[in-house]
Amino acid sequence: MNLSAQTQTPLSVVQMLALSADEWAARNPPEPVEYAPLKQKGIDLWMKREDRLHPQVSGNKAYKLLGHWQQANAQNASCLLSFGGYYSNHLHALANFGASVGVNTVGIIRGHEPERLTPTLEDCRALGMTLKFVSRQRYRDKLDPQWLAQLSEEFPRAYIIPEGGADRWGMLGCSGLMSRLRTQIDLQNATICLPCGTGTTLAGMASVSIAGETLLGFSALKLGERYQQYCDEIACMMEGFDSFGRWSINADFHCGGFARQTPELLAFSQDFEESTDIALDPVYTAKMMFGIVQLASQGRWNPGQRIIAIHTGGLQGRRSPGITDDLN
């Protein structure tokens, strides 16, 4: 019997790892959402609440970690190491994941160690994560093989996860979202919308898409002249996969840049949450929903169009003071 998301007890991380990503995605089928500005335009809004997957290892953070965990096990790693900033959703999820399965974790943090840790980093340290603070200049070398080799010497048997889990292993975990979604709702007259930081979740879903399926990613970054490069990086992750659906990136609703907010975005978020009782994170899902409503008002979709929004979790980021600089 399929239980609705509201009636299911959240799984522990250990219980989650006994299941596949497809089985995770089965637990939170899309639900209809009544929101007046979209209803008035004849738009049929549904939301897949992946924020409900786990209280801390939530949304796409969990799906991206799954592929990396499988690789870490194959390499007999005893430590998981990754990168992020002071409010990183990715590191917060990784620290909770490691504590749950009994594996050491290391966070390479962009910037000096503050006199007082952010709530995110306080949680990470309390969960046993080793925090290593590096200069912003040094942090830019996070893909440099020589520095990665030095980190491997400093933290023996560490499996290194790219910032935000962004590579093909992170992408593979996200493919289960798409394969399950098409069994839960008709996608032929629908646009699947999701927020994008590294683009890994979009790449994972698009890599297994089929003809007639349409995905639209809303970039949380101010891309500017980097737009085509960003799209090329997503396409590169998908090389070798038979993808027949359509996907694109909208970069018009970053609201000033990554993790920045505007009074208009804040007012929208408050109205949406009061109207639907669905909490949004300010960096990703709020901008996605803001963009969906703006595009609908501009006539992007015809009446009767179905919009399926993917809630990617990360609600711990609501503790941010409003301006952060984490790509996760």
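The values are calculated or read from the model by the stated rules, or taken from the named source; none is laboratory data. Because the structure is a prediction, the values reported are computed rather than measured. Don't worry about glycine lacking a Cβ; one is built from the backbone with ideal geometry, like all the others, and counts go over all protein chains shown. Remember, those area values only see protein heavy atoms, side chains included, never the ligands or the DNA or RNA. Shrake-Rupley method; radii C 1.70, N 1.55, O 1.52, S 1.80 Å.
Under a plain spin-label model, where a point goes 7 Å from the Cα along Cα-to-Cβ, how far apart in nm are Q146 and D277? Label at Q146, label at D277, 5.8 nm between them.
What number results when the radius of gyration of region 175-328, computed over Cα atoms, is divided by 2.2 N^0.38 Å?
Values: Rg = 15.2 Å, N = 154, 2.2 N^0.38 = 14.9 Å.
Scaled against compact globular proteins, the figure is 1.02.
Run a plain Debye calculation on region 175-246 (Cα atoms as equal point scatterers, no solvent) and give log10 I(q)/I(0) at q = 0.13, 0.25 Å⁻¹, rounded to two decimals, same order as the q list. Calculated log10 I(q)/I(0) at the listed q: -0.36, -1.18. Dividing the mean sequence gap of close Cα pairs (under 8 Å, 6+ apart) by how many residues region 168-273 holds gives a relative contact order of 28 percent.
What percent antiparallel are the DSSP beta bridges of the chain, to the nearest 5?
Working: 2 of 37 bridges.
Of the beta bridges lying entirely in the chain, close to 5 percent run antiparallel.
Using only Cα atoms, find the angle between the long axis of helix 263-276 and the longest principal axis of the chain, and express it within 0 to 90 degrees, rounded to the nearest 10. Once rounded, the angle reads 70 degrees.
Normalised by 2.2 N^0.38 Å, where N is the number of residues, the C-alpha radius of gyration of region 62-116 stands at 1.18. In a Gaussian network model over the chain where Cα atoms closer than 10 Å are linked, find which of E50, E153, E115 has the largest mean-square fluctuation. Largest GNM mean-square fluctuation: E115.
Normalised by the number of residues in the chain, what is the relative contact order in percent for Cα pairs under 8 Å and 6+ residues apart?
Details: 643 pairs, mean separation 79.6, N = 328.
Value for the chain: 24 percent.
For region 57-159, the solvent-accessible area works out to 45 Å² per residue, with a probe of 1.4 Å and every protein chain left in place. In the chain, the longest principal axis of the Cα atoms and the axis of helix 59-74 are about 40 degrees apart.
An ellipsoid equivalent to region 11-165, defined through the eigenvalues of its Cα gyration tensor, has semi-axes of 32, 20, 14 Å when rounded to whole angstrom and sorted largest first. A Förster radius of 25 Å combined with the Cβ-Cβ distance from Q298 to I185 puts the calculated FRET efficiency at roughly 0.50.
Under a Gaussian network description of the chain, with springs only between Cα atoms under 10 Å, the residue in G314, G291, G299 that fluctuates furthest is G299. Label-to-label distance, E23 versus K39, with points set 7 angstrom from Cα along the beta-carbon direction: 3.8 nm. For region 128-224, the calculated P(r), taken from all Cα-Cα distances in 5 Å bins from zero up to the bin holding the longest distance, is 2, 11, 17, 18, 14, 13, 10, 7, 6, 3, 0 percent.
Length, then width, then depth: along the principal axes, the Cα atoms of the chain run 58, 44, 38 Å.
Using the Cβ of Q188 as centre and a radius below 14 Å, the other residues enclosed give a net charge of 0, where K and R count +1 and D and E count -1.
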